[in-house]
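Read the structure below first, then the notes.
Derivation of every value follows stated rules applied to the coordinates shown; laboratory data play no part. Just so it is clear, the structure is predicted and the values come from calculations on it, not from any experiment. Every residue, glycine as well, gets a Cβ built from its backbone with ideal geometry; the counts of neighbours run over all protein chains shown.
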Amino acid sequence: MRPGEVFGLLGRNGAGKTTTVRVLTTLLPPTEGRGYLFGTELRHAGREQRRRLGVVLQSESLDFVSVETNLTLYAFLWGVPREVAKSRAEEMLELFELGPMRKRKPWGLSGGERRRFQVARELMHDMELLFLDEPTVGLDALTRRRILDYLAMRARGGLAIVFTTHILQEADQLCDRIGVLQAGRLRAVGPPSEIKRRYRGARAVEAEFERPLSEAERRAVGALLAARGESLAILSDARGVLTFRAANAEDLVAELSRWAHGADLDLVRISVRETTLEEAFVTLVSEDATEGPGTPGAP
Amino acid sequence: MLRLVARNFVATLDPITLLVMFGQPAFLIVILGTMFSQLIPSVGASGSYVAYLVPGMIASQMITGAVLAGRIFWLDRRWAMVEQIFSGPFLRAEYLAALLLTALLFSLVGVGIMVLVALPLIGLTPLSPFEGFVILGTIALGSLCFGGLLIAIGGRIRSANLYFTIQSLLQYFLIFISTVYYPVTAKTPVVLRAIVYANPLTYAANTVRDGFTHSFGPSDLIGASILAGLAAITFGLAVLSFRSLEMGPVQ
């Protein structure tokens with residue numbers, strides 16, 4: 001990780017994301033392998049390395065005092081000067097929309113409010129590397145966007161961030177690199193664009209004809225796909241727009257254009273939709289499911 | 001570490017808890033002193049039951065402090081603050097030491113309140129610096145001993161129900177089967193007598209009582225040594241419990 005980099009750790013439930021975060025934050029000793037935290041081998045990393053970390057764990061943690069006191073007390077634990085803590089608490093209360101509930105105890109808040117509180121509390125102290133284990137779980141879209149925008153802003157200021165999530169859209173939006181964990185192994189690492197390209201699998205192709213296809217024409221398209229080893233998985237066929245999935249989408253575009261020309265059918269538009277990170281992720285973990293857990297061959 | 005101690009006080013002590021924890025023993029001195037003194041006409045060196053009871057109640061403050069440390073630790077586990085603190089710039093040893101120091105400070109504050117409540121009741125005569133030192137030292141050793149024990153237990157248990165049941169049982173067992181409320185006499189059954197003398201609180205209560213009556217003797221030295229030995233053992237158990245502490249949610 002370099003300063004300002006945002007790294008997303010993805011994986012199915014039980015893939016090992018939280019365990020990885022716990023190991024990297026020295027909460028758990030590694031059972032095998034080697035890792036470094038600020039240049040120190042994880043087995044020897046301790047207080048000095050943790051001083052430079054921020055950690056928002058998946059499990060909720062709180063003290064039995066008001067939201068506001070929780071923030072200032074946590075800052076006090078980290079040795080943040082009182083005046084700085086006070087102004088930072090105001091900033092966090094506003095940013096995370098916790099102002100109206102500042103005097104309330106955190107356990108009386110809703111799930112989403114408690115999650116916001118967890119993230120806000122961790123941002124009370126200075127750090128160089130921030131671990132966030134599913135920080136946006138239970139948050140509404142607006143709050144999620146607001147938090148992600150804030151994290152992106154902090155990353156631009158040099159804060160390195162590692163975060164786990166099941167919302168792949170936000171990983172795609174925020175991360176410079178992502179790593180996909182499967183059964184405790186890192187199966188793929190790279191920028192989201194690279195992961196999407198490498199594991200794009202079948203993509204949706206949308207072809208719009210001048211009129212709805214007849215049954216015979218549909219069979220002809222099916223035969224065309226079958227000849228290229230594709231199965232005709234038609235997603236929709238409405239008012240002349242045929243949407244289907246194909247692994248070799250680019251080749252099919254030319255093929256389908258030729259076929260339409262030969263069939264004296266006007267092909268108004270044909271497009272291949274970009275692979276989303278979610279589709280690439282599904283392809284990747286499905287490959288692993290087929291190969292079986294722990295299959296070597298991570299790139 | 002001092003920041004952790006301050007945090008323990010701020011985060012876990014609401015006014016009602018403070019009132020109950022400090023008020024209950026003071027309340028008991030007044031109630032038990034008044035009610036039991038009618039049943040127990042003569043006990044101890046002075047013959048007054050209240051004069052006998054007060055030093056015992058003062059000694060039992062070490063249990064109150066230990067219970068608080070155990071409670072803080074358990075709640076920190078239950079609400080994942082242990083993990084949160086361990087992921088920060090603290091050592092596990094510092095967290096453990098902060099818990100024990102919290103127990104000790106809490107016990108000493110309790111002792112101060114007890115003494116203030118008891119003064120008008122029994123009219124304590126001034127203690128010599130040595131007597132004061134031994135009494136406070138005994139309270140400190142007792143806090144470490146029982147605090148260490150409860151933390152060691154709390155680190156091994158993953159159920160709040162079980163932990164608080166054990167804690168209550170232990171608390172009442174230790175206080176009632178000791179010389180806090182009544183002395184061991186020739187009429188005490190042998191088995192019960194053996195249990196009372198196996199209870200470290202008995203030695204602490206006897207030492208504190210002898211301190212207040214200016215009658216330290218060799219038995220107090222033995223008692224303090226036993227207490228120190230047990231404090232070292234329970235501290236070791238707490239350290240072991242911390243070293244193998246399982247993180248993650250507890251019920």
**OP:** Collect the residues in segment A:131-140 that are surrounded by 23 or more Cβ atoms within 10 Å (Cβ to Cβ) and in contact (Cβ under 8 Å) with a residue 60 or more places away in the chain, keeping them in residue-number order.
**Re:** A:Phe131, A:Leu132, A:Pro135
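How many residues does segment B:6-24 hold that are away from chain A (no Cβ under 11 Å) and more than 16 Å from the chain's Cα centre (by Cα)? Reasoning before the result, please.
Within segment B:6-24, the subset away from chain A (no Cβ under 11 Å) is B:15-16, B:18-24.
Right, trim to more than 16 Å from the chain's Cα centre (by Cα) and you get B:15-16, B:19.
The total comes to 3.
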**OP:** Pairs only if they're at least six apart or on different chains, beta carbon under 6 angstrom, first in segment B:220-245 and under 24 Å from B:Phe133 (Cβ atoms), second among the acidic types (Asp, Glu) and surrounded by 13 or more Cβ atoms within 10 Å (Cβ to Cβ); list them, first residue then second.
**Re:** B:Asp220/B:Asp210
Subject >> Search result, residues across segment A:1-25 that are surrounded by 23 or more Cβ atoms within 10 Å (Cβ to Cβ), within 11 Å of chain B (Cβ to nearest Cβ) and polar (S, T, N, Q) >> reply: A:Thr25
Original post:
Which condition number in (1) β-branched (Val, Ile, Thr); (2) over 23 Å from B:Ile157 (Cβ atoms); (3) free of Cβ contacts under 8 Å to residues at least 24 places away in the same chain is the one that B:Val54 fails?
Top reply: (3)
Original post:
Taking segment B:51-102 on its own, how many of its residues are more than 23 Å from A:Tyr74 (Cβ to Cβ) and either of a type in the set (A, V, I, L, M, F, W, C) or assigned to a loop (DSSP other than H, G, I, E, B) (or both)?
Top reply: 10
Original post:
Are there any helices (runs of 4 or more DSSP H) wholly within segment B:137-251 with 1 or more residues that are farther than 21 Å from B:Val111 by Cβ, and if so which?
Top reply: B:160-176, B:190-198, B:218-243
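The rows are residues; the columns are (1) of a type in the set (A, V, I, L, M); (2) within 14 Å of another protein chain (Cβ to nearest Cβ); (3) in contact (Cβ under 8 Å) with a residue 60 or more places away in the chain.
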position: B:Met35; (1), (2), (3): yes, no, no
position: B:Val50; (1), (2), (3): yes, no, yes
position: B:Phe73; (1), (2), (3): no, yes, yes
position: B:Gln84; (1), (2), (3): no, yes, no
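Consider B:Leu105 carefully, then state whether it is away from chain A (no Cβ under 14 Å) and either of a type outside the set (Gly, Ala, Ser) or closer than 27 Å to A:Thr26 by Cβ (or both). Don't jump to the end; show me each part of the working.
On the way: away from chain A (no Cβ under 14 Å): yes; either of a type outside the set (Gly, Ala, Ser) or closer than 27 Å to A:Thr26 by Cβ (or both): yes.
Yes; evaluated as a whole, the condition is true for this residue.
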